[in-house]
Amino acid sequence: MYALIEFAGKQFKVEKGKSVKVPYINGKVGSKVSIDKILYMSDGKNKIVGTPLVNGAKISGEIESHSRERKVVVFKFKRRKGYQKKNTHRQEYTILKVVKFDSGKKSTPAKKITKPTTQKTNNKKEPEKKVTSKAVTKQATTKTKVVKK
């Protein structure tokens with residue numbers, strides 16, 4: 001069984017009994033955490049897709065540890081100006097162990113969406129045909145010369 005969750009503005013795929021690295025949670029090691037922003041759940045047979053979230057679904061987790069990422073060097077400079085600035089940063093994170101999945105209510109199979117069948121009727125008006133007489137077309141095609149005196 002696995003789920004797709006949204007946590008701190010990011011999406012994570014979590015499985016029951018597995019650990020996931022998430023942004024830092026302010027809490028003690030061993031404390032319980034519940035996540036209710038679940039986008040998708042699957043148990044192998046049934047798949048539940050949220051619109052945008054799955055209603056009533058929750059995931060319970062436990063904080064395993066806190067730590068910090070590797071150091072990232074931030075170096076700013078402007079060429080030919082003599083400006084250089086060096087800074088470093090270490091992002092904190094939490095290891096979260098997924099303990100329990102709760103889908104909320106029993107999943108129901110998806111309803112089949114059928115389009116209503118309608119008989120096509122020809123209610124469209126046919127374009128009117130232009131009636132032209134031969135005399136009008138002959139006059140338009142003959143050229144006349146005007147003689148000036």
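Just so it is clear, none of the values below were taken in a lab; they were calculated from the coordinates. In this text the structure is predicted, and so the values were computed from the model without any measurement. Positions of Cβ are backbone-derived with ideal geometry, glycine not excepted, and every protein chain shown enters the neighbour counts.
Obtain the nm distance between the two label points defined at Glu69 and Glu15 by a simple spin-label model: each point lies 7 Å from its Cα along the Cα-to-C-beta direction.
The modelled label-to-label distance comes out at 2.4 nm.
Expressed in nm to one decimal, what extension gain is obtained for the pair Lys78 and Ile95 from 0.36 nm per residue of sequence separation less their Cα-Cα distance?
Details: separation 17, 0.36 × 17 = 6.12 nm, distance 3.89 nm.
2.2 nm is the gain from fully extending Lys78 to Ile95.
Around Tyr2, under 10 Å between beta carbons, what's the net of Lys plus Arg minus Asp minus Glu among the other residues? Intermediate values should be presented prior to the final figure.
Numbers: positive: Lys13, Lys16, Lys18; negative: Glu15, Asp43.
Its environment carries a net charge of +1.
What ranking do 8-20, 35-47 get when scored by the average of other Cβ atoms within 10 Å per residue, highest first? Mind dumping the intermediate values first?
Working: 8-20: 12.8, 35-47: 15.2.
The densest-packed peptide leads the list: 35-47, 8-20.
Sequence neighbours fewer than 8 away in the same chain don't count; with that in mind, list the aspartates and glutamates whose C-alpha is under 20 Å from Lys32.
Glu6, Glu15, Glu62, Glu64, Glu92, Asp102
More than 11 angstrom separation, counting every C-alpha pair in region 46-91; what % is that?
Details: 826 of 1035 pairs.
Pairs farther apart than 11 Å: 80 percent.
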